[in-house]
Amino acid sequence: MNRNPQLNKHGELQHLLSTEGLPVSILLHILDTAESFAGVTEREVKKIPLLRGKSVFNLFFESSTRTRTTFEIAAKRLSADVINLNIAVSAQSKGETLLDTVNNLSAMHADMFVVRHSQSGAAHMIASHVQSEIHVINAGDGRHAHPTQALLDMFTIRRYKKDFHNLRVAIVGDILHSRVARSQIHALTTLGVPEVRVIAPKTLLPSKVERLGVHIYHDITQGLKEIDVIIMLRLQNERMLGASLPSTEEYFKYYGLTQEKLSLAKQDAIVMHPGPMNRGVEIDSAVADGKQSVILPQVTFGIAVRMAVMSILAGN
Amino acid sequence: MKIHIKNGRLVDPKNGVDTIGDLCIAAGKIASINSIPAGFQACRVIDATGLIVCPGLVDLSARLRKPGLEYKATLESELEAAAAGGVTSLACPPDTDPPLDEPGLVEMLKHRTKSLDQVHVYPVGALTQKLKGERLTEMAELRDAGCIAFSHADAPLVNLHVLMQAMQYASTFGFSVWLRPQEASLANNGVAHDGEIATRLGLPPIPVCAETIALSNIIYLAREAAVKVHLCRISSAEGVSLVRTAKQQGLPVTCDVSINHVHLSEMDIDFFNTNCHLVPPLRSLHDRHALSRGLIDGTIDAICSDHAPVDEDAKLLPFGQAEVGAMGLELLLSLTFKWATSMNIPLIEALNTVTLAPARILGIDAGHLTLDAPADICIFDPEEYWHVSAATIKSQGKNTPFLGRELPGRVKFTLTDGNIVYES
């Protein structure tokens, strides 16, 4: 087994590729650093010069609005130069390989790559081939990982619930195809959440998911009992084509979060969603916009968390 | 050329021989064992003290990438690799470009390999035209051109009616049909074993039932068609038990496993190591154990290298996009030897799985050290370790999960038809 490819030889964060295998000290360091940045976004002058003179390349091989934009804002608030590349419509379509693209951009003196790719392991592969002074942040690779999303979710949970050690968290929906769910599970278990549940029909659960340290529920009315934090996952329309589900209507009836189902959880439970939401598919509008929803604060915190990750990487 | 191999440890599964002795070779054949014929004047004496002298290896699956895929490998590079690995006979699957579905292609391949005069090459013909699973190939013509069996390589054969027809047609002529069991609709574009590692890494999974469903289909169809079937590279514990039952019922099936699957499991994928992107996928530790048990009890007859040289760029991609396969011709002996040592399996039994057993599946006179048999011989040093690296591998493909490892068992000489084709 190789050394964790995210850590340098001093055990510090070299790349952020996954929440799996990161020590709790690093996760907490990111969350604490994000706390200090959270204030910056509310100031009149929102810039701090930590990444001045550094170039951050947003390499998005798969389309994204929210993640790419929040990374861009985060980098700009740290005074970095940001270059956005929408590779889905450029070099790759001309046949250039992923590594050639990366090597060319490295030659332009990139300091940091923020990578999103449809294939699991793409960010790992890039990280293992760039020069040692370049840092790679995984902004989502296939079904594998989306660590900054998970970290901003942890930040949100800590903001509202203070302590991880007495929580029950439920993740509801398409766990099988979700990089967000995988990263959340690793982060939650590492941070000491005693009970993490996944709630989904069997067609949307990967095999041996219990080995990740979660409890499996197929019945949402059982699964939401005593729950402090509910994380709803986006259901993609292609799941209906792939024979995973019969219809969005049936899915909503049995797994969609309504006010009625929400009332089964603890009274002060919070509702989260990584976005983009399908209203009326996995979540009812009344819940999404309701007083227990923290979905918009999640987006805001995403900026501070991404600032924290970038500044910590640049410092190592 | 007359060669006298002196004082080696002769290991011959066919004749149950495992003893220190001499071997004399003349006119391409084994002229004597443990005695020197009167008036024998060796042109070359090989001192095999401390070395093991065994039949040359017979590999049931080695892609030479000819025709059409020369950017991955050439006949020259791969046959040199075979010789360096102690392999003296190999069967090459039909998944070339174009596939081996026409007599002309097979004749050319036979001619080219014969002119290189290093290793015996036995093409396996395509079962259907272009490996599309629709129309049968001219099997009898292909046999006359040199094909020893017919297979569908790793191409899906979706239509079971076509498969049954192909089996019946092959059975008409007494040909063997080689199939790697995998139900394509269940594999569903997966890239890794459906288990904990695929779940952690978010890799699209291939369930074990993709293998067992296909195996059941093949076994029932083979019974119906009364055809000799060879099952290629099974990967799962459930698969082994299906084959075991089929054999107990007296079906004429044989079976092999790739050496990679004997040693490795899904765990070796580690952080997306694309050299572990194999077909079939590396499965669980439980499956790996069952494959070893299957070899020991004879359910699995043979170990193959499943040699698949891939150019470097095709592996420098995200796991799911990286081309499948690993080179293995030069590793087969060392890895089989290592397996025998670590599992406490008598060397003679382990060597059987890479010499006599595969030769019998091919139906060729090879894989043994009998008087007057063709002098296809491998001589290796069991004590010498070697480092697997791009520099030490002769195959054009440097893709193997064993890169960087130290392996026991160094080939010192390889003889094909009494000619020294490799010497280190």
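FRET efficiency for the pair B:I213 and A:E44, taken as 1/(1 + (r/R0)^6) with r the Cβ-Cβ distance and R0 = 60 Å, rounds to 0.35.
Normalised by the number of residues in the range B:253-322, the average gap of Cα pairs under 8 Å and 6 or more apart makes the relative contact order 46 percent.
For GluC sites (Glu not before Pro), the sites in the range B:61-128 that DSSP calls loop and that have at most 16 other Cβ atoms within 10 Å are B:E70. Among A:I137, A:I48, A:I303, which one shows the biggest mean-square fluctuation in a GNM of chain A, springs joining Cα atoms closer than 10 Å? Between A:I137, A:I48, A:I303, it is A:I48 that shows the largest mean-square fluctuation. Rounded to the nearest 0.05, the FRET efficiency derived from the C-beta distance between B:E323 and A:Q267 at R0 = 51 Å is 0.40. Take each residue in A:177-190, count the other chain C-beta atoms within 10 Å of its C-beta, and the mean is 1. Running Debye on the protein assembly as shown with equal point scatterers at the Cα sites and no solvent, what base-10 log of I(q)/I(0) appears at q = 0.06, 0.08, 0.11, 0.12 Å⁻¹? One equal scatterer on each Cα of the protein assembly as shown leads to -0.44, -0.73, -1.12, -1.24. Across all C-alpha atoms in chain A, the radius of gyration and Dmax reach 19.2, 56 Å.
For the range A:239-293, the list of GluC sites (Glu not before Pro) that fall in a loop by DSSP and count at most 13 other C-beta atoms within 10 angstrom is empty. Using bins of 20 Å that start at zero, the share of Cα-Cα pairs per bin across chain B amounts to 28, 60, 12, 0, in whole %. Would the range A:236-316 count as rounded, prolate or oblate if I go by the C-alpha gyration tensor, calling it rounded below 1.5 in a/c and otherwise prolate when a/b exceeds b/c, oblate otherwise? Oblate shape, in that a/c is at least 1.5 and b/c is the bigger or equal ratio. The alpha carbons of the range A:108-251 stretch over 53, 41, 24 Å along the principal axes, in descending order. Given +1 at the Cβ of Lys and Arg, -1 at the Cβ of Asp and Glu and no other charges, the dipole of the range B:1-146 around its Cα centre is 300 debye to the nearest 20.
Ordering A:I283, A:I220 from the fewest to the most neighbouring beta carbons within 10 Å gives A:I220, A:I283. In summary, the helical segments of chain A meeting the span-like criteria, namely a full DSSP H run, a Cα extent along the axis of 15 angstrom or more and a mean Kyte-Doolittle hydropathy of at least 0.5, are A:24-38, A:295-315.
For the range B:324-366, the alpha carbon convex hull comes to 92 Å³ per residue, rounded to a whole number.
Near A:H146, once Lys and Arg are set to +1 and Asp and Glu to -1 for all other residues with Cβ below 9 Å from its Cβ, the sum equals +2. Note on the range B:1-72: Rg/Rh from C-alpha atoms, Kirkwood Rh, equals 1.16.
Residues B:I30, B:I296, ranked from the fewest to the most other C-beta atoms within 10 Å, line up as B:I296, B:I30. The lysines within cross-link reach of B:K247, meaning a Cα-to-Cα straight distance under 26 Å and a gap of 8 or more places when in the same chain, are B:K14, B:K228. On the basis of the beta-carbon distance and an R0 of 56 Å, A:E260 and A:S36 show a calculated FRET efficiency of 0.90. For the range B:123-166, the set of GluC sites (Glu not before Pro) satisfying both a DSSP loop assignment and a count of at most 12 other C-beta atoms within 10 Å is given as B:E134. When the listed pairs A:K54/B:K315; B:K315/B:K394; B:K29/B:K412; A:K46/A:K291 are checked against a 22 Å cut-off, the alpha-carbon distance exceeds it for A:K54/B:K315; A:K46/A:K291.
Of the residues B:T19, A:L16, A:L191, the one whose Cα sits farthest towards the positive end of the charge dipole of the protein assembly as shown is A:L191 (charges of +1 on Lys and Arg Cβ, -1 on Asp and Glu Cβ, taken about the Cα centre). Alpha-carbon geometry of the range B:171-319: the Rg and the Dmax are 15.6, 49 Å, given in that order. Taking label positions 7 Å along the Cα-Cβ direction at both A:R66 and B:E107, the computed distance is 6.6 nm, reported to one decimal. Taken over the Cα atoms of the range A:199-274, the convex hull encloses 97 Å³ per residue. Take each residue of peptide B:267-275, count the partner chain Cβ atoms within 10 Å of its Cβ, and average: the result is 4.
For the range B:296-335, the convex hull spanned by the alpha carbon atoms encloses 99 Å³ per residue. Between B:T341, B:T353, B:T212, the residue with the greatest mean-square fluctuation in the GNM of chain B (Cα pairs under 10 Å linked by springs) is B:T341. So what is the orientation-averaged projected area of the range B:88-143, using the convex hull of its C-alpha atoms, in nm²? For the range B:88-143, the mean projected area of the Cα convex hull comes to 3.6 nm².
Between A:E62, A:E20, A:E238, the residue with the greatest mean-square fluctuation in the GNM of chain A (Cα pairs under 10 Å linked by springs) is A:E238.
Taking every Cα-Cα distance in the range B:376-424 and sorting them into 10 Å bins from zero, the calculated P(r) comes out as 25, 44, 29, 2 percent.
Rounded to whole Å, the principal axis extents of the Cα atoms in the range B:75-120 read 30, 19, 15, largest first.
In plain terms, the C-alpha convex hull of the range B:127-176 casts an average shadow of 3.1 nm² when viewed from every direction. Each of B:C43, B:C255 was scored by other Cβ atoms within 10 Å of its Cβ. Listed from fewest to most, they are B:C43, B:C255.
Quick note: the coordinates plus some simple rules give every number you see, no bench work behind them. In this text the structure is predicted, and so the values were computed from the model without any measurement. Here the Cβ is made from the backbone with ideal geometry for all residues, glycine too, and neighbour counts use every protein chain on show.
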